[in-house]
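> Have a look at the structure that comes next, please.
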Amino acid sequence: MIRLDSARSVILRLMVLAALVLLPPMAIIFAGALGDFQQGMEPELDRKAATIGRDLAGDIAHAATLGIPLDRLVGMDEFFAPVLESNPELRYLALTNADGRILFVAGVQATVLAPHYETADFEQAGQRKAIIDAYLDIAVPLEVKGERLGHVHVGMDGGYVPARLHEILIDVVTVLAVAMIIALEVLLYVVALNAAGPLKQISRTFEAARRGDFIRIPAPGARDEVGRFIRTANDAVCRVDELYRRLIAYAEEVKSAHFDKGVVERVAAIEDRIRYLFRFSESGSPEVVHHRRALDVRLPLFLFVLSEELSRSFMPLYGGTFSLPGVSPEMVAALPIAVFMAAIALASPFAGTLTERMGSRRVFLLGLMPAVLGYLLTGLAQAEAGLLVGRVATGIGYAIVTMACQSYVSKAAIGEQKAQGLGVYVGAVLTASVCGNAFGGILAEHAGYRAAFFASAVLAVAAGVLAARLVDPAETVKARREAGVGALFRLLRNWRFAVFVVFAAMPAKLALTGVVFFLAPLYLHQLGWEVADIARILLLYAGSVVLLSPAVARLADASGWRAGLVALGGLIGGGGLLLPLLGGGTAPVLLALLCLGVSHGLSASPQLALVSDLCWTEVQEIGRTGVLAQVRLLERVGSIAGPILAALLVPVTGYAGAIAALGAIAMAMAVVFAVAAVAYGTGPTIGSDAEVRP
Amino acid sequence: MIRRLAGLVLLAALTLVPPAAAAEAPKPFRIYMALWRGWEEAAQGFKDYFANQNIPVELIVRNAAQDKSKLPEFVAEVKRLKPDLVFTWGTTVSQEMLGVIGKVDPARHITDIPAVFAIVSQPIEAGLVPSLASSGRNITGATYLASMETQVNLIQSWRRFRHLGMVYNPLEANSLVAIHELEALGRSVGFTLTALPADLADGKPVPASIAAKVAALKAAGVDILYIPPDTFLNVHRDLLTGAALEQRLPSYAAAENPVVTSKAMFGGIYRYYTVGQLTAYKAEQILVHGKAPSAVAIDPPRRLSIIVNMPVVRALEFYPPMKLLGLAEVVDPAGAK
């Protein structure tokens, strides 16, 4: 998931150390807090039960005062029901007479309670609280004019407090896990930027020097230990450079001034020998190289994607709180997702051009402006229109920022392995998606939807502060012209490519936005899950993608079986989404999400490689990046259609039906693609163009 | 010149500002109250509303003392005094002073001054308004009878019943309307109605026949006796409710008196005081908020008062559900035991 790069050992040790130092005290504090919570909650619940009991006893005493015999009270079920309904921790309510006989009871079978009531002596204050089976029974005396008529019993769920604690425990563990991953990201960033990165540069310099190359030295960077070390090392290289120049100058002097031709020839020979063995900068001193690496952009990118992913699990729920006259509630919930995807699709080409002209750092910062503004608008929105404007702004910002990062990574990664560079990008996006999803759900449940968007804005600003420190890569490679509309049509004339995009790439995105982003949160909410739990359930999808992708990438490379994996992935995903048809409840949804995760995990990496195979000639002309950009653009059609299609289906089919319907579409597409994949022929997969393996 | 102009502007501004908004020296609204039976609960509720809302009013109170001949004098006085609003109490006063639709004569009726009516049981049938949503005229008001559906729901919430009984005065239009409505409701909700008319002698209903009718109802297997708002039954309420108690037949009354001052078991009514307050609220919409009377709908108060006659309940041992008891006003002069 996280490419530790060359600093693996240092960072691993730091991580283990940080975990050892941080986790025990956190665990102790947390355990203490839980204990306090439990101790505080139990008397609080007792008090609440006693209050409820007194209220009920008061009403019953009123009836008794009016001369209604206790055993002939009417409508006690309707009397008890609303109290039980509005207090989830209550399990039953009962009324007993002075002998302890149960007159009325709601919520539990009288036979469970009767043995206890008949023997207990409620006159003793100590006996008014008792544990009966799995219940905690609080007895409130019922008195009229000093006469004890009986008791009102309030029964609480004995497991209520442990259940609540369990919920909190899960939340805290989630937060801890997310915090550790974020800490890992920060450590990775700090170590890479300040230690591992510069040291790698200097070791490269020495490696070059060993081969006689003294042309370049790294920029010393910060004025810390590492910086001083690099300066010292640079000084040594500079000293060699200086000595070389003095030696050459002396040789020149001898060559031009010596009377003995033999000596001049010897010197010239020696000089040639030296020039052959050692290479120095032409400019008169070693060139200082501001070398930047893909890893430098990882933390800003991570934070930015994290900010967007916070709202992933509850966006349709938040959207559903708005309304638009004449539009179905489902469509109102779907539109914010669809317009966000549309904004990304439309802004991406523009963002690409922008990056070419302004450089990654400035574009990153520029893109943050609409993104942050969008978060604030979304969080403050009072009507659907405001929400949509906010999402469009964030979508535009998202397109610009991610494009800036991609460009940074692809440029900085030249010289390194390109695959590693793209790994940094994909790794940051996937890690942020897992963390943001989990953390955002908890945030929304405890602080509200709107607060989560303000947290997004803060995260995005933090990403900006870090990005401001980036230096644009020194090696500005003239990027190949971004492919325009012409390229799009040229690509689509390649029937293999067209079939791939329409029947594999688009359905994948359709299922992603339609089911994971839209239907699953709404359906799970309808099934009674809280937001934080919904977010954790959605992790089934992201988690399986994250875990499967790297292994599948290797498998695809090793076997060359790419179209097959893509087709298999499509079939698994489509089939999985049909599961909710089999029965209601949460389990089929979990399985469907898992299948979709496996599906996308299987097909994501092979998809990229497959594009290169299918469009070998086009790649030569437009460039691999250009072709991939067209794929991204085209598959967004699926992203936009997903929630819209789902919203149209829900009123007709219900949530489960809509998931299955999207599954059926994905399945049908996958079958077509599988057939076509056979028709692709067993011809050689042209060019082992295996640079990118996210 | 300029000063005089400024003065004019100021004067214009002052007249434009609604009186309630003018903070200093608010000019009270002048309201002409035409009453039928003297100062009672509805009039008091009307007056108290303005006091509670801090709306200054000057009330010109006239009592017809159930004498129809006084009403033309009232109309003449209204035309002379030109108050801001007219309040009419009861069907007769409202009909005589405001006129019934199709027979409104600006010379004999009040047309140019907004009016609110109270304690009119059936404004449409009385010819005052064509619909409750809007009078289409310069008047509005509050009704005081609960809809039959509300009443049936209330009785059902005490006990599900399948057979409703009713004794009525065949000469009273209100009762005939009630029978019609109950029969229609019975068909949709699922109960039968047995309505027996009191015997007539010399064109008048005979009080002595009531007890026998109640006994006949009981024999027919009636679950609950419905007592309509009927003047004859109101006068002879002790006969009627006493007979019901004797037959151990629970009774529900659509008016206050049979429950509060006699032996009906329970009733669902709008208190006159509440009706008076609602009428004042409608007056406020017109006077303070500048709404046209035709834009103010005619409706009963929101909250139905449920009155339970506890001694009767105890005698019948027909106890109300806890929920209903929590909402009800209990009449229990002696207390239990």
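> Take A:Leu103 and tell me if it is in a strand (DSSP E or B), open to solvent by less than 20 Å² (accessible area, probe 1.4 Å) and within 14 Å of another protein chain (Cβ to nearest Cβ).
It is false that A:Leu103 is in a strand (DSSP E or B), open to solvent by less than 20 Å² (accessible area, probe 1.4 Å) and within 14 Å of another protein chain (Cβ to nearest Cβ).
> Only one residue in A:Leu23, A:Leu84, A:Leu56, A:Leu45 is touching a residue at least 12 places away in the same chain (Cβ under 8 Å), among the aliphatic types (A, V, I, L, M) and in contact with a Leu (Cβ under 6 Å, 6 or more places away or on another chain), so which one is that?
A:Leu84
> When the residues of segment A:366-384 are filtered to those that are out of contact with any helix residue (DSSP H, G or I) (no Cβ under 6 Å at 6 or more places or on another chain) and modelled with pLDDT of 90 or more, which remaining residue is surrounded by the most Cβ atoms within 10 Å (Cβ to Cβ)?
Only one residue tops the list, namely A:Leu366.
> Let me ask another. Restricting attention to segment B:209-249, which residues are over 22 Å from B:Ala146 (Cβ atoms) and assigned to a loop (DSSP other than H, G, I, E, B)?
B:Ala220, B:Gly221, B:His236, B:Gln247, B:Arg248
> Next up: Of the residues A:Leu70, A:Leu93, A:Leu14, A:Leu34, which is touching a residue at least 60 places away in the same chain (Cβ under 8 Å), within 14 Å of chain B (Cβ to nearest Cβ) and open to solvent by 20 Å² or more (accessible area, probe 1.4 Å)?
A:Leu70
> Could you please let me know if A:Val297 is in contact with a strand residue (DSSP E or B) (Cβ under 9 Å, 6 or more places away or on another chain) and touching a residue at least 60 places away in the same chain (Cβ under 8 Å)?
No.
> Can we say A:Ala567 is buried (at least 24 other Cβ atoms within 10 Å of the Cβ) and either farther than 20 Å from A:Val650 by Cα or not charged (D, E, K, R) (or both)?
yes
> In segment B:290-337, how many are within 14 Å of chain A (Cβ to nearest Cβ), within 19 Å of the chain's Cα centre (by Cα) and modelled with pLDDT under 90?
So the count comes out to 1.
> If I ask for residues that are in a loop (DSSP other than H, G, I, E, B) and of a type in the set (Ser, Thr, Tyr), which ones from segment A:649-683 would you list?
A:Tyr680, A:Thr682
> Testing A:Pro88 on (1) surrounded by fewer than 21 Cβ atoms within 10 Å (Cβ to Cβ); (2) in a loop (DSSP other than H, G, I, E, B); (3) facing another protein chain (nearest Cβ under 9 Å); (4) not charged (D, E, K, R), one condition comes back false. Which one is that?
Single failed check for A:Pro88: (3).
> Within segment B:261-268, is there a residue that is open to solvent by 50 Å² or more (accessible area, probe 1.4 Å) and either assigned to a helix (DSSP H, G or I) or closer than 30 Å to B:Ala142 by Cβ (or both)?
Looking through segment B:261-268, at least one residue is open to solvent by 50 Å² or more (accessible area, probe 1.4 Å) and either assigned to a helix (DSSP H, G or I) or closer than 30 Å to B:Ala142 by Cβ (or both).
> Follow-up. Only one of (1) of a type in the set (Val, Ile, Thr); (2) over 27 Å from B:Leu316 (Cα atoms); (3) open to solvent by less than 30 Å² (accessible area, probe 1.4 Å) fails for B:Val177. Which number is that?
Only one criterion is unmet by B:Val177, namely (3).
> Before we move on, is B:Val129 crowded, with 23+ Cβ neighbours inside 10 Å, more than 14 Å from chain A (Cβ to nearest Cβ) and modelled with pLDDT of 90 or more?
So B:Val129 fits the description; yes.
> Residue by residue through segment B:135-144, note down the ones that are open to solvent by 40 Å² or more (accessible area, probe 1.4 Å) and not charged (D, E, K, R).
B:Gly136, B:Asn138, B:Tyr144
> Something else: Of the residues that make up segment B:276-284, is at least one within 12 Å of chain A (Cβ to nearest Cβ), open to solvent by less than 40 Å² (accessible area, probe 1.4 Å) and among the hydroxyl-bearing types (Ser, Thr, Tyr)?
No, every residue in segment B:276-284 fails to be within 12 Å of chain A (Cβ to nearest Cβ), open to solvent by less than 40 Å² (accessible area, probe 1.4 Å) and among the hydroxyl-bearing types (Ser, Thr, Tyr).
> For B:Ala13, which of the numbered conditions (1) open to solvent by 80 Å² or more (accessible area, probe 1.4 Å); (2) modelled with pLDDT under 90 fails to hold?
Result: B:Ala13 fails condition (1) only.
> May I pose another question? Which of the residues spanning segment B:132-161 are in contact with a strand residue (DSSP E or B) (Cβ under 7 Å, 6 or more places away or on another chain), at pLDDT below 90 and under 14 Å from B:Thr88 (Cβ atoms)?
The answer is B:Thr143, and nothing else.
> In segment B:222-242, what residues are farther than 17 Å from B:Leu182 by Cβ, open to solvent by 10 Å² or more (accessible area, probe 1.4 Å) and not acidic (Asp, Glu)?
Once the filter is applied, which keeps residues that are farther than 17 Å from B:Leu182 by Cβ, open to solvent by 10 Å² or more (accessible area, probe 1.4 Å) and not acidic (Asp, Glu), segment B:222-242 yields B:Thr231, B:Phe232, B:Asn234, B:Val235, B:His236, B:Arg237, B:Leu239, B:Gly242.
> Being in contact (Cβ under 8 Å) with a residue 12 or more places away in the chain and either not hydrophobic (A, V, I, L, M, F, W, C) or not assigned by TED's automatic domain parsing to the domain that holds A:Ala49 (or both) is the filter; apply it to segment A:100-112 and report the residue that is nearest to A:Tyr160 (Cα to Cα).
Selected residue: A:Gly107.
> Could you tell me which of the residues A:Leu373, A:Leu365 is assigned to a helix (DSSP H, G or I) and either in contact (Cβ under 8 Å) with a residue 60 or more places away in the chain or more than 30 Å from A:Ala179 (Cβ to Cβ) (or both)?
A:Leu365 is the lone residue from the list that is assigned to a helix (DSSP H, G or I) and either in contact (Cβ under 8 Å) with a residue 60 or more places away in the chain or more than 30 Å from A:Ala179 (Cβ to Cβ) (or both).
> Out of curiosity, is A:Gly583 in a loop (DSSP other than H, G, I, E, B), in the same structural domain as A:Val672 (by TED's automatic domain parsing) and either more than 25 Å from A:Met315 (Cβ to Cβ) or not hydroxyl-bearing (Ser, Thr, Tyr) (or both)?
Spelling it out, A:Gly583 is indeed in a loop (DSSP other than H, G, I, E, B), in the same structural domain as A:Val672 (by TED's automatic domain parsing) and either more than 25 Å from A:Met315 (Cβ to Cβ) or not hydroxyl-bearing (Ser, Thr, Tyr) (or both).
Residue by residue, here is whether (1) modelled with pLDDT under 90; (2) over 24 Å from B:Gln122 (Cβ atoms); (3) in contact with a strand residue (DSSP E or B) (Cβ under 6 Å, 6 or more places away or on another chain); (4) not aromatic (Phe, Trp, Tyr) holds:
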site	(1), (2), (3), (4)
B:Met166	no, no, yes, yes
B:Val177	yes, no, no, yes
B:Gly203	yes, no, no, yes
B:Leu217	no, yes, yes, yes
B:Val222	no, yes, yes, yes
B:Asn234	yes, no, no, yes
B:Asp238	no, yes, no, yes
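> Looking at B:Gly102, B:Gly45 in this structure, which one is modelled with pLDDT under 90 and either out of contact with any Ser or Thr (no Cβ under 9 Å at 6 or more places or on another chain) or not in a loop (DSSP other than H, G, I, E, B) (or both)?
B:Gly102
The values are calculated or read from the model by the stated rules, or taken from the named source; none is laboratory data. Note that this is a predicted model, so its numbers are computed, not measured. Backbone-built Cβ (ideal geometry, glycine too); neighbour counts: all protein chains shown. SASA here: full protein model, heavy atoms, side chains in, ligands and nucleic acids out. Shrake-Rupley method; radii C 1.70, N 1.55, O 1.52, S 1.80 Å.
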